[in-house]
1. Restricted to region B:43-72, and to residues that are surrounded by fewer than 22 Cβ atoms within 10 Å (Cβ to Cβ) and touching a residue at least 60 places away in the same chain (Cβ under 8 Å), which residue is farthest from the other protein chains (Cβ to nearest Cβ)?
2. What number of residues within region D:87-115 are in contact (Cβ under 8 Å) with a residue 24 or more places away in the chain and outside any helix (DSSP H, G or I)?
3. Six or more apart or on different chains, Cβ atoms under 9 Å: show the pairs whose first residue is in region A:94-106 and within 7 Å of chain B (Cβ to nearest Cβ) and whose second is part of a strand (DSSP E or B) and among the small types (G, A, S).
4. If D:E179 satisfies every condition in (1) assigned to a loop (DSSP other than H, G, I, E, B); (2) open to solvent by 10 Å² or more (accessible area, probe 1.4 Å); (3) modelled with pLDDT of 95 or more but one, which is the exception?
5. Among the listed residues A:Y442, A:Y438, identify the single one that is of a type in the set (F, W, Y), surrounded by fewer than 22 Cβ atoms within 10 Å (Cβ to Cβ), modelled with pLDDT of 95 or more and over 27 Å from A:E380 (Cβ atoms).
6. So, in region B:1-17, of the ones that are modelled with pLDDT of 95 or more and touching an Asp or Glu at 6+ places or on another chain (Cβ under 7 Å), which residue ends up farthest from the other protein chains (Cβ to nearest Cβ)?
7. Using the structure shown, decide if B:L88 is under 26 Å from A:C598 (Cα atoms), of a type outside the set (G, A, S), surrounded by 20 or more Cβ atoms within 10 Å (Cβ to Cβ) and out of contact with any Asp or Glu (no Cβ under 6 Å at 6 or more places or on another chain).
8. For region C:328-339, indicate whether the set of residues that are surrounded by fewer than 16 Cβ atoms within 10 Å (Cβ to Cβ) and outside any helix (DSSP H, G or I) is non-empty.
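The values are calculated or read from the model by the stated rules, or taken from the named source; none is laboratory data. Everything numeric in this text was worked out from a predicted model, so none of it was measured. Positions of Cβ are backbone-derived with ideal geometry, glycine not excepted, and every protein chain shown enters the neighbour counts. SASA here: full protein model, heavy atoms, side chains in, ligands and nucleic acids out. Shrake-Rupley method; radii C 1.70, N 1.55, O 1.52, S 1.80 Å.
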Amino acid sequence: MEEIRTGVYICHCGLNIAGVVDVEEVAKYAGQLPGVVVSREYRYMCSDPGQDLIKDDIKELGVNRVVVASCSPRMHEPTFRKAVEDGGLNPYLYEHANIREHCSWVHDDKELATNKAKDLVRAAVRRVCRHEPLVVREAPFTPSVLVIGGGIAGMQAALDIANGHQKVYLVERDPSIGGHMAQLDRTFPTLDCSECILTPKMSDVGHHPFIELHTYSEVEEVSGSIGSFKVKIRKKARYVDESKCVGCGDCEEKCPWKVPSEYEMGLAKRGVIYIPFAQAIPNVATIDGEHCVYLQKGKCRACEKACEAGAIDFEQKDEIIEVEVGAIIVATGYDQFDPAVISQYGYRRFDNVLTGLEFERLTCAAGPTEGKILLKDGREPESVALVHCVGSRDQNYHEYCSRVCCMYALKYAHLAKELTKADVYQFYIDMRCFGEGYEEFYNRLSEEGVNFIRGKVAKITDDAVTDEEKGKLVVVSEDTLLGKLIRVPVDMVILCSALQPRADAENVGKILNINRRADGFFLERHVKLDPVATPTDGIFIAGCCEAPRDIPDTVAQAEATAAKALSLISRGTVTLEAAISTVDESICHGCGRCEEVCPFSAPSIVSKNGVMVSEINEALCKGCGACAVICPTGAVTIKHFTQDEILAQVDALTEAR
Amino acid sequence: MAGFEPQIIAFCCNWCTYAAADLAGTSRMQYPANVRIVRVMCSGMVNPLYVLKAFEGGVDGVLIAGCHLTDCHYIDGPTKCDAMVDKLREMLHVLGLEDERLRREMVAASEGVLFARVIKEMVEQLKKIGPSPFKARTEALA
Amino acid sequence: MEVLSPYKEATEVILEAGGEPLKLCYQCGLCTGTCPWNMVRSFLVRRIMHEAQLGAVDFGSEDVWTCVTCKACVDRCPRGVEIIDVMRALRRAVASLGIGVVPDALRISAKNIAGVGNPLGEPPERRNDWAKDLKVKDFAKGTEVLYFPCCVPSYDPGVKNVARSVAAIFDRLKIDYGLIGTEAKCCGEAIRKAGYEETFQSLAQNNIDLFTSNGVKTVVVSSPHCYHTFKAEYPELGGEFEVLHIAQYLASLIDKGKLKLSKELNKKVVYSDPCYLGRHNHIYDEPREILKAIPGLELLEFPDARENGLCCGGGGGRIWMDTPKGERFSDIRVEQAAEMGADIIAVACPYCVLNYTDSVLSMGKAETMQVKDIAELVAEAM
Amino acid sequence: MNLEDIIKDTNTYYCLECGKCTSVCPVARYDKCFSPRMIIENALLGFEDELVLDRELFSCLTCYMCQSECPSDVDFPVFVREARSLAQGKGQHGICAHSGQLQSLARLMTSPNLKQKRLEWLSQEHRVSEKSDVLFWVGCAPYFEPIFEDIGFSALGITKASLKILNSLGIEPKLLPNERCCGHDALWTGDVDTFKKLAEYNAAQIKEAGVKKIVFACPEGYRTFKLDYPDYVDLDCEVQHISELLAEKIAENSHLSGKLMEIKKKVTYQDPCRLGRHLGVYDAPRKILEAIPGIELVEMKHSGLEAICCGTSAFTNCDSYSNALRAERLSEAVETGAELLITACPKCQTHFRCAQVDKGEEHRPTPKIEVIDLINLVADAIGEGGKSSKKK
């Protein structure tokens, strides 16, 4: 048997660890543990000189096992494995002790923290003796990417990848791509027209030879893992043959049934067969099966008669398409917070209390009022109030700052000023104008004579107490700078509603097996250093499905995910988990419990020399360990997490120091 | 039971609860130093023997914590872990061990606050019920 | 310009006295906008929070004593600041630590409560006199229900009928109930909100010991204030009883079919949610169910009902303090009720009875409008 | 004890290296690396490390097949047992089945102030008596329930059946609320420390209970109390397997025999090694089977002194060889044409049931036959009648 020669390295992490844990004492303690030949402490083990200590000791002292006690292994285990490998050892002959996140940062008592650090190091030393060298394997990477969501984020990511001549499957739930950005009129702070900058991109996506676009489709099932995800896409029946439809719109005209248009935020109606908006991609009609009188009641077919191209196909059925991709980009966007739950704001009770997106449609030249800001009764408002932080920065709804509302409120203030002669009042708590050109935009609006009132609106009422208030909506708030309660009578109130996670985010998370934060948005792998990756390898997130953000940030994120996906494709292979299950055939009874319990179908019972035993398909095994727990005989073990290794750690932790 | 400091071993899944404990650290949340974490890849990887051995070693409480049912990196690890814990609890019950000594939690990666709270609660609870009945065994052996 | 220097010691006193959550306040002013006082006069809740954060509170100001603890602001506060706790802490700093002056009316009530166990200064031995002729039995071990009427119906001749109605209902339904001995004292809810923490502690301890030694398991109360403190505050001091407000108790009897109301009442009735029943304890439906069970009764709703209900002005110890004409919330309520054409304002709280009755009288509406506790209406309808 | 002492104590010096042991050894038939002769030879040559670090040391079933053939009367099972205690000292404990939970439970039971809840299953239908001087040994049954649920085995079913039989014989036994593991498995896997502690706690409790006789439904507990406890603790108590007690009563023609209902079944009987070769109890179970009307007993190819072990001992080294051995034994049972395989040992039952879950060999799947305990069969034969005796 080889002699165990362990090297132990205690990191100070500046004062992050050394400020609480007595690192010298821990190193001294580790030095006298069985099998330890060298024990050092160093200011920053992750630095080059720190890593060199390990490499040198391997070469000079014949160290053949390494323990580093520093930050979380989720941070630097790969770093030190690499150092061990560079030193000439197998990278798995390494064990990490977490004495920062799990020790110095959570305990301020120096003695207790030092003792805990000693215990953790002792356990790591005991465990590392039992580590075996493991071989890292590679598997081919399928050079294609699934992008979920056809808003600006999804489109940008898809275009970047496709322009690199790699295959993209872009799946959009709605009949057209474009997302929320297609509903916007102008964009802050430059006030350039949203449509003008978006439609060329939409058109590119629609015609790109490397993009396979599936609109009116949903991802139904995802299996497999990085490099080889198998995806089932449900292409919902739109009852229109996409290849025949020319997008003339005759059918919608003839359709006798009208329903509120989602695109127009319910401010206008659309046909049951419809093209959501003029620039829709693909420019084909879709029958809304839920409302179609023929599909529901068996009578009508007016559209069929109107369609010269003969594109209507009532026999169409949902179709399941299966594709294989190497990586997935999630860009599913956001929902607008429904302010009706804040009863004192009177949304849906008062005609002229609008949400941001509704106002957006009013200002749009192609919108229901042809770009005129009008009250329900057709008058032009003489005064407009903008209420900030509706549903955000409020623990009763969403605790987070919704990030874009201050800026879009300024944009609305400008549009109201530009398109009407109205007085504009902004009710804000704090103005957050942090982006490029944003503070300048705020200055510009101040110059334009917008009234800024610092205070969270308490209620909106039509209960007039003065003649001036009669027939108006009265916005009640404290002006916190004056220290006075004020009542501002206005004609129109715009509620700057928060961006919130999509209603189906939970379900999407389940399908993709990615986590969500407490606020309901998708969780990034590391908030600062890995912001577009998820903890699941090969799945990336871009745009508002991760948190509220504006268009520039969304686009930047989308490009980042594209770069991540392209870099995986250009590498061509993925590293497979080395710490996987293995079977000792001399012990196995072939009972099949492992086969039953495995969610990845890695084990199967096969005949070996006539005897039925379990065999592990290494490409499928993820190393979750369920088979080892269920195995009654002890034939199955998980490499690197063997019973022997974990018990060594448990035993060491229960021993006296 | 003055001065009694319970000893806890926590088996935490790499993807959720271990990350939650990291987050508790990054956010500098203070919690009692009575816990030692053993990292496992999945709560479904926790063998009942690990828990029994920890009790043999004289710990006062064991925590098994991992992803929520639908968050599992390996699809259904938490469900398997629950089934294992149910059986194990039955045995520990026959042994006369207080139910509180084996705690099963689901703590997502974002729930650093919850992790710190679970540890605090567990330490308080164990302080109330006192040392593990198996502690005397290790003391008798020593 | 007056230069303000934050007074650190005062902040510490407030934080120590239980105002910890105020650190979270981000000065949005929603509390001020929500506060009913601003319908009648200026009361800048937000500014008090900021003063308290900085330790720059003017303890001599009447603002310290203004809050009616109706909880409208707390429920809406985006940062979850426990504004009532902060107000209580300010008052405690004055009342217990002597930093400022306690208003006279409050000081007298506080003295009465501490001295004879009721705010009215009545002799303790006469606590159960309201029931003298009713032969209500004394609570003894094994009695099913303890009825605890609150000091106001016990002593105030104008409100006695609330307690007597409950007794009448219970007798008719043959409910096994009793009254606790005259050693009982004020529940202490309001005096605690008024800052007299020590008085509260001693009242609570007295009542807990009394209930426990008599083997009380279930207490039925007429006052939402008693309900709140028994339910939410006594358990911390070791008093765990099943507490039911009379509205809950009667509603469940109606639901089970045990209480049937047969006598018609052809009146328009508007129900005013007491803050301590509604916002503090989320009991909105039971009183309405009771009223709906009275045949002939037409139930009206105030425009600001339930979660948005307007306070009568009597919470937080304000019931003992003078509120000048023109600043009384109860006047606003009576005016609203009159506009709606209501014949009766129904309430479920003795303080509400006091305040509304006062308003009806002072506004000269006694001919057309009555104020009744739901127990009174039920007793009449049986 | 050192290796030399062990060799001395077990007659190993007299080994002639004839190899008869290996030739009759059921394990050696499948596991070509396992040879009792080689194990002894290593010991005699003083190769202690080779002896104790070899996983095969824990493969021996201690079934006593070899000793019956040994011309020098070498007590190989005891030799192995003692050698394992040396191995334990070097951290070797064989391959523990069921993750080693059962071994761990035994160790946990060495805690002094244990307050088990091991009798919660007890219900009104069983009559037990605090005052009785007969103790019924419940054993591991309450702990087995969750572990063996998935193979449909209920150890408590045997315990309950035992109580039913004892009650119908007019015995209302005493049960110990804090009985520990008897220590059988600990002793046979060389964990002598644990065994000693368990024996001491049990002896003290039994003494305090003031019982005269202990009845077992488990041959392992029975063997341990009868042959091993006397070496470690001072316990003056009669011990008996329930099959012996029952056979006795049947022979006395007590009221039980007449009451047995007819069960028309062809059955075969597995002699548990502990009951058979260890303690020589072969007849009692057969007498009982004969006494049940309708039961036709057919013997397997190997039975009685030659009976083949169920294949696993002390839940250790339950490997593919032991599984093959078990499959062979099941084939023998099936070949008799019996519908039921009767055993008198709960552990035989777990192993036979477990094996039937396994896939066996590609072209010869593990034979299937229902396995039940003798005690359950008798309890069935008593039927509801068992309860009527209450009136007496």
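1. B:G58
2. The number of residues fulfilling the criteria is 11.
3. Sorted first by the residue in region A:94-106, then by its partner, the pairs are A:R100/A:A69; A:R100/A:S70.
4. Of the numbered conditions (1) assigned to a loop (DSSP other than H, G, I, E, B); (2) open to solvent by 10 Å² or more (accessible area, probe 1.4 Å); (3) modelled with pLDDT of 95 or more, the odd one out for D:E179 is (2).
5. Only one candidate passes the filter, namely A:Y438.
6. B:P6
7. For B:L88, the condition - under 26 Å from A:C598 (Cα atoms), of a type outside the set (G, A, S), surrounded by 20 or more Cβ atoms within 10 Å (Cβ to Cβ) and out of contact with any Asp or Glu (no Cβ under 6 Å at 6 or more places or on another chain) - is met.
8. The answer is no; no qualifying residue exists.
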